[in-house]
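One structure below.
The values are calculated or read from the model by the stated rules, or taken from the named source; none is laboratory data. Keep in mind it's a predicted model, so treat the numbers as computed, not measured. Cβ placement follows ideal geometry from the backbone for every residue including glycine, while neighbour counts extend to all protein chains displayed.
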There are 4 protein chains.
Amino acid sequence: MHLLKLNCPDAVGLLARITGFIAASGGNLLDVSQYTDPVSRWFFTRLAFTGGMVEDDFARFEQDTRALADSMNAEWTLRRSDRPVRTVILVSKQDHCLVDLLWRWRSHELNIDLPLVLSNHDAVRPLVEREGIRFEKIDFSTDKSAAFEQLASRLRAEGAELVILARFMQILPEALCREFAGKIINIHHSFLPAFVGANPYRRAFERGVKLIGATCHYATENLDQGPIIEQEVSRVEHYHEPDDLIRLGRDCERLALARGVRFHVEDRVLAHGSRAIVFRD
Amino acid sequence: MHLLKLNCPDAVGLLARITGFIAASGGNLLDVSQYTDPVSRWFFTRLAFTGGMVEDDFARFEQDTRALADSMNAEWTLRRSDRPVRTVILVSKQDHCLVDLLWRWRSHELNIDLPLVLSNHDAVRPLVEREGIRFEKIDFSTDKSAAFEQLASRLRAEGAELVILARFMQILPEALCREFAGKIINIHHSFLPAFVGANPYRRAFERGVKLIGATCHYATENLDQGPIIEQEVSRVEHYHEPDDLIRLGRDCERLALARGVRFHVEDRVLAHGSRAIVFRD
Amino acid sequence: MHLLKLNCPDAVGLLARITGFIAASGGNLLDVSQYTDPVSRWFFTRLAFTGGMVEDDFARFEQDTRALADSMNAEWTLRRSDRPVRTVILVSKQDHCLVDLLWRWRSHELNIDLPLVLSNHDAVRPLVEREGIRFEKIDFSTDKSAAFEQLASRLRAEGAELVILARFMQILPEALCREFAGKIINIHHSFLPAFVGANPYRRAFERGVKLIGATCHYATENLDQGPIIEQEVSRVEHYHEPDDLIRLGRDCERLALARGVRFHVEDRVLAHGSRAIVFRD
Amino acid sequence: MHLLKLNCPDAVGLLARITGFIAASGGNLLDVSQYTDPVSRWFFTRLAFTGGMVEDDFARFEQDTRALADSMNAEWTLRRSDRPVRTVILVSKQDHCLVDLLWRWRSHELNIDLPLVLSNHDAVRPLVEREGIRFEKIDFSTDKSAAFEQLASRLRAEGAELVILARFMQILPEALCREFAGKIINIHHSFLPAFVGANPYRRAFERGVKLIGATCHYATENLDQGPIIEQEVSRVEHYHEPDDLIRLGRDCERLALARGVRFHVEDRVLAHGSRAIVFRD
């Protein structure tokens, strides 16, 4: 199966042209999603299909797709659905999201390659290495700028197509966010836009909220402001103290992050401005 | 905006042909959903579009659509999205679903015409008549068969396109289910297939479940076995007695029924065998 | 059944003294909740009981309760559970919360008396009067201060024990909030503390959140900052426009408000600083 | 902190006697839950308290508790809250619940000792042994009766206070269920009582349900009929095939099982007939 993801300014006949192109190539559509934003007049689509030219001569199909997309001024990606997405995880000391991702990777629930985990601490090294995955610690305590240089160069060297911030407690510099725009997924431990920034569970407790949450979003230059991919909530009661909120929140974080990553690696997410189109599965 | 809903055996190029047909007629697609059942190899689609021939010459567009659909051996419907669906509600004594539907109808949340409410009791007559809607009681206590004859003839006379069983406590005869196949929506007060039949809340209490639910489904000849459109659940605790379950369940029933009806009148549901394809909004 | 609600500084033996007092009076406990806030060292309890002196000689039981509570420096209330709470609803033009409350009142789901509905508009007058409830419009368009004077005097004249702001689009003055402290319940149409203030659904759309919500809380001098009683959320997708969020949010608002009011009238809520202890049912 | 859990026939003054007893011993109550089943007239309570005789002279306090409980014909347990519950996990080939429990054990989210994991397969051996936990395979393929003998003797030898069936695909014999009554927690991969027995996800798919679930319950002699501790659901759509339901269900199973186990080891569950009283946290 192949996946074509495409977005461009709206016009009459776009989907007809795209599906006509695929049909003419002998491809059979299995699953099609299309959405037009009525405000920005922008066209989004994702098509899953199989058979015909895309399998017999991928290079030629890709070239023809490029010609079609260029004529629509479209951004697009074309990918075999079973090709894993090359992924690097960044993590600090807390291991709950990491352990969950490792399990989903190992059991083939997430279609990713995982060559490397980076951290500013050594705490989770054993959990990573016992899975046969390389672990590297980068020292952020002395020269933060140099540390981020090193981080960026490691990501480049690995050819990272996706960077997951699985509770990585460092604010990324703008340049890094821009270089990997649309490729960095963060999990924030609150129901954004409530409790942007530090200590959200403590502040949720003090405010006396009855639901807490977690938010999976793309990291951008603006802290906790990137397009939201997925959110999850959990009910809390008055007898839950901040430590209980942290505990309950961990399950929200793991679920929201795992689902967000899954949507991304299945090419279901198209970020556009501050919003994310998510063709869910 | 117009809505085309269509299902047929799968083949290569179906969506291309349909979207190509719409584009050729000058129509612009706003929202497209397509799904192919991999087991039955059946193709389902719903297209929302605007402009061109469908607005200038509806009869001709409909004729051309028929020719296209026939060539695909497809079942299909074509409808202006703002044309209300002619609806009759059947209800017994409990009014919670009825009151909710009346409010959604009055506030234009549901795109239906509501000329008539039928009941086997007089209990809800004032609630209906004060909305300016006709209410008729049919006597089911003596001759049930004659009562259903009368019911069917009232539905025919009204030209009912949709019949909502809003807690109607009579089991419909097979002939009626067949005559209005795909047009009768029922709300069952349990999380089907758990607790098929009578007294589901009492049985849920005795079983000690921690979640109760409600199920909105098409009525078929087989009691509580029709295709499920929507389900809703609510958490319950040990201290909830059967009356509490009934109370909490009412909110589940109202929400599941209202959403199911909404999906139906927006042409989002395509029943197929025992399952319902629901292109949610 | 009677309900005793009590809170005071924590000490050893408080619950033993209270339950011992009730047992000595011949009362049988049916349902007891107790919670001690470990931070503020504050004791909260709610006891439901039946039989003995409270039924034979309420005045004497109340006097003995006062003596006991005074010795603990406690705030407390004692009430027959079937005595309805005298309630006034304030509403503007939107009727969804009002209609829902009216239905729950009429079907005895909420144990309230409802002598009066006040509004700054005439829009919902027919909905109120057809239930046999008095409706009064207060003019807020010219002299807001005088209007609030009139409002307060109406509440006093009715002996309002509970004031429900069922989408009342006027910010209450501080004096009114203080006079009816702990007796005014508001529904805010966002998941607080996200989107405090105006147009929360529009802002939720622009932020691209994947869940929207509603918050039922006590009104205090600080807008949208009062103790939270209940919250509810609903999943939203990229194709939901602001009007869809408003529609989906209405169901959240109705549910959160109805549950919050229910908890309050069943004496399940003890507000304490910025937080609310809610012994749920 | 200590936990006293107690149930007995209802009578006037029970909670007063118990809390009076604790207060007289110098104990301070932190959290009290009490519930009386109005049908069976049965009294249930859980008390968390600290200080006084229970800490200075546990044996004497336990003896006094026994005398009190005997006078009420009560079943009861008394336990230091930080004493871990000795637990054995039984598992077959699927590892998702096991991995989740191991992580919660390692991160001290569940207050259990975990000396041993038993299985009828070798599949999960590496996952267990790398945590420093003993793993033993029992052969169920030839003599099932002998295998269960061996299983029971291993549980006895370990002094198992809790046995978790973390997707153990063997039906326990009646004798074992009785010997460890109230100590065996199972996770069933459906929303009971829907889809009792084998292949629930396949049957859920065929029925076309819109929500799937998982049920955590005590194992009894009657398959999938034991008291339910916790349930969890997940929404599914028409495009989810049986494998998707299995995948989505795994998250339900992990959450329902982890919460159920947590409630049990915190002495929050009192099974009574076919129902379980759960004083949630």
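Taken over segment B:34-44, the criterion of being buried (at least 19 other Cβ atoms within 10 Å of the Cβ) and either more than 7 Å from every other protein chain (Cβ to nearest Cβ) or of a type in the set (A, V, I, L, M, F, W, C) (or both) is satisfied by B:F43, B:F44. Of all residues assigned to segment B:212-220, at least one qualifies as being assigned by TED's automatic domain parsing to the domain that holds B:E266, out of contact with any helix residue (DSSP H, G or I) (no Cβ under 7 Å at 6 or more places or on another chain) and buried (at least 18 other Cβ atoms within 10 Å of the Cβ).
Within segment D:185-205, is even one residue in contact with a Phe, Trp or Tyr (Cβ under 9 Å, 6 or more places away or on another chain), over 30 Å from B:D224 (Cα atoms) and not acidic (D, E)? Yes, segment D:185-205 contains at least one residue that is in contact with a Phe, Trp or Tyr (Cβ under 9 Å, 6 or more places away or on another chain), over 30 Å from B:D224 (Cα atoms) and not acidic (D, E).
The set of residues in segment B:123-155 being of a type in the set (K, R) and either within 18 Å of B:D95 (Cβ to Cβ) or part of a strand (DSSP E or B) (or both) consists of B:R125, B:R130, B:R134, B:K137. In this structure, D:V99 qualifies as more than 19 Å from C:D31 (Cβ to Cβ), in contact with a Lys or Arg (Cβ under 9 Å, 6 or more places away or on another chain), free of Cβ contacts under 8 Å to residues at least 60 places away in the same chain and assigned by TED's automatic domain parsing to the domain that holds D:I187. Could you please give the count of residues in segment C:1-21 that are of a type outside the set (K, R), more than 7 Å from chain D (Cβ to nearest Cβ) and closer than 21 Å to D:I22 by Cβ? Residues that pass the stated criteria total 10.
Of C:I138, C:I89, all but one fail to be crowded, with 19+ Cβ neighbours inside 10 Å, within 30 Å of C:R247 (Cβ to Cβ) and touching a residue at least 12 places away in the same chain (Cβ under 8 Å); the exception is C:I89.
Of the residues screened, D:V196 is one that is out of contact with any strand residue (DSSP E or B) (no Cβ under 7 Å at 6 or more places or on another chain), under 18 Å from B:I212 (Cα atoms) and in contact (Cβ under 8 Å) with a residue 12 or more places away in the chain.
Among the residues making up segment D:141-168, those that are closer than 24 Å to D:Y218 by Cα and free of Cβ contacts under 8 Å to residues at least 40 places away in the same chain are D:K144, D:S145, D:A146, D:A147, D:F148, D:E149, D:Q150, D:A152, D:S153, D:R156, D:A157. Summed over segment B:1-39, residues that are within 17 Å of B:D70 (Cβ to Cβ), of a type in the set (S, T, N, Q) and in a helix (DSSP H, G or I) total 0. Residues in segment C:40-98 that are part of a helix (DSSP H, G or I) and either aliphatic (A, V, I, L, M) or within 30 Å of C:D139 (Cβ to Cβ) (or both): C:M53, C:V54, C:A59, C:A67, C:L68, C:A69, C:H96, C:C97, C:L98.
Residues that are facing another protein chain (nearest Cβ under 8 Å) and modelled with pLDDT of 95 or more number at least 2 in the following helices (runs of 4 or more DSSP H) confined to segment A:169-281: A:242-265. Just one of the listed residues (C:A48, C:A24) is more than 7 Å from every other protein chain (Cβ to nearest Cβ), aliphatic (A, V, I, L, M), under 25 Å from the mean Cα position of the chain (by Cα) and more than 26 Å from A:F205 (Cα to Cα), and it is C:A48. For the criterion of being of a type outside the set (A, V, I, L, M), surrounded by 15 or more Cβ atoms within 10 Å (Cβ to Cβ), in the same structural domain as A:L245 (by TED's automatic domain parsing) and under 19 Å from A:S274 (Cα atoms), A:H188 passes. Yes or no: B:A198 aliphatic (A, V, I, L, M) and over 30 Å from B:D244 (Cβ atoms)? No, not satisfied. In segment C:112-122, the residue that is nearest to the chain's Cα centre (by Cα) out of those that are crowded, with 16+ Cβ neighbours inside 10 Å and in a loop (DSSP other than H, G, I, E, B) is C:N120.
Here C:D31 meets the list (1) more than 8 Å from every other protein chain (Cβ to nearest Cβ); (2) more than 24 Å from D:G51 (Cβ to Cβ); (3) at pLDDT below 95 almost entirely, failing just condition (1).
Considering every residue within segment B:64-74, establish whether at least one is surrounded by 21 or more Cβ atoms within 10 Å (Cβ to Cβ) and under 21 Å from B:V269 (Cα atoms). Yes; the residues of segment B:64-74 include at least one that is surrounded by 21 or more Cβ atoms within 10 Å (Cβ to Cβ) and under 21 Å from B:V269 (Cα atoms).
So which residues in segment D:156-168 are assigned to a loop (DSSP other than H, G, I, E, B) and within 22 Å of D:Q94 (Cα to Cα), if there are any at all? Result: D:A166, D:R167, D:F168.
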